[in-house]
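The structure appears right after this line, and notes come after that.
The values are calculated or read from the model by the stated rules, or taken from the named source; none is laboratory data. Keep in mind it's a predicted model, so treat the numbers as computed, not measured. Note that each Cβ is placed from the backbone with ideal geometry, even for glycine, and that neighbours are counted across all protein chains shown. Just so you know, the surface numbers come from the protein's heavy atoms only, side chains and all, with ligands and any DNA or RNA stripped out. Shrake-Rupley method; radii C 1.70, N 1.55, O 1.52, S 1.80 Å.
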Amino acid sequence: MKSKSLLLFVFTIIFSCSNSVEYSEAFKKETSGSYLYTQDEVIQVFYENNKLYLNWKGGKIEPVAITENEFFVADMYSKFHFVQHPETKKRYLSKISEDDESKITYDYLKAPEGYKTPSTYLKEGDYEKALAGYLEIKKQDSTSIYIREWDFNSMGYKHIRKREYEKAIGVLELNAKLHPNSANVYDSLGEAYLLNGDSLEAYTNYKKTLKFNSSNSRAKKFVDSYNN
């Protein structure tokens with residue numbers, strides 16, 4: 001605790017002098033951009049009026065600038081710098097170790113220009129690109145919190161309650177492709193199609209849900225009535 005208190009005290013002093021840091025145009029150009037914080041989150045690095053800023057978890061953060069390539073982020077309680085991998089030449093936002101500042105780690109990879117997370121594509125209604133991103137996440141980690149069936153299902157029903165049926169279908173179709181063996185996703189998708197006036201697609205998805213859950217009385221009733 002004492003070391004952390006001392007560190008915070010030191011950075012408080014540094015903060016008062018941080019305005020003296022000058023960033024070259026070349027440095028700003030090579031370090032600005034998105035860095036992959038998690039599978040579906042980024043840290044956005046940008047500059048305004050010769051000051052370094054981060055956009056992280058929806059909030060704009062002004063770090064404590066120490067040198068051109070060293071800064072402290074109070075929200076993360078960590079010092080960072082920008083590094084380039086000697087072999088791949090890829091750039092990273094790297095944490096500076098408290099125990100050994102000479103140690104270089106490659107923590108947050110800089111994403112290509114124009115990169116968007118799967119959730120960003122989803123918000124924009126680009127379900128095809130969102131799905132591609134989520135499938136890649138599933139490939140890396142099938143238990144990832146970013147591809148939970150319940151979350152997508154809940155999102156779909158939010159659109160249904162707002163009568164945004166096309167959006168609901170987009171989200172629930174994505175959910176079905178991520179979780180193709182779930183009775184629940186087809187039941188929800190069948191309902192969305194039915195509310196949107198597409199009885200054929202409703203029938204198709206209600207039939208699918210019965211393959212995984214033959215006791216779904218609502219789906220069975222619709223399928224029977226459609227066939228008669």
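Its alpha carbons considered, the stretch 118-228 gives a radius of gyration followed by a Dmax of 14.0, 45 Å.
Separation of the stretch 94-126 from the stretch 161-228 is 37 Å, based on Cα centroids. Projected label points at Leu195 and Lys57, each 7 Å from Cα along the beta carbon direction, are separated by 3.2 nanometres.
Pull out a ≥ b ≥ c, the square roots of the eigenvalues of the alpha-carbon gyration tensor of the stretch 71-120, then state rounded if a/c is under 1.5, prolate if not and a/b is larger than b/c, and oblate in the remaining case. Working shown, then result.
On the way: a/c = 3.09, a/b = 1.35, b/c = 2.28.
Since a/c reaches 1.5 but b/c is at least a/b, the shape of the stretch 71-120 is classed as oblate.
Below 11 angstrom from the Cβ of Gln39, what's the summed charge of the other residues (Lys, Arg +1; Asp, Glu -1)? Please report the intermediate quantities before stating the final value.
Numbers: positive: Lys138, Lys139; negative: Asp40, Glu41, Glu136, Asp141.
Every neighbour counted, the sum reads -2.
Averaged per residue, what accessible surface does the stretch 68-187 expose to a 1.4 Å probe, in Å²?
Heavy-atom SASA per residue in the stretch 68-187 reads 59 Å².
Distance between the pseudo-spin-label points of Lys139 and Tyr115 (7 Å out from Cα toward the beta carbon): 1.6 nm. Across the stretch 159-170, computed HN-Hα scalar couplings (Karplus, 6.51 cos²θ - 1.76 cosθ + 1.60, θ = phi - 60°) run 5, 4, 4, 8, 6, 9, 5, 5, 5, 4, 5, x Hz from first to last residue, x flagging Gly and Pro. Looking at the square roots a ≥ b ≥ c of the eigenvalues of the Cα gyration tensor of the stretch 112-162, which shape do they give, rounded for a/c under 1.5, prolate if a/b is larger than b/c, or oblate? The shape class here is oblate.
Near Ala219: Cβ cut-off under 15 Å, other residues only, Lys/Arg at +1 and Asp/Glu at -1. The net charge is +2. Counted by Cβ distance under 15 Å from Tyr92, the other residues give a net charge of +3, where Lys and Arg count +1 and Asp and Glu count -1.
Phe222 contributes an accessible area of around 40 Å² to the protein surface, as traced by a 1.4 Å probe with all chains present.
At 1.4 Å probe size, with the rest of the protein present, what percent of the exposed accessible area of the chain is carbon and sulfur atoms? Carbon-and-sulfur percentage of accessible area, whole number: 51.
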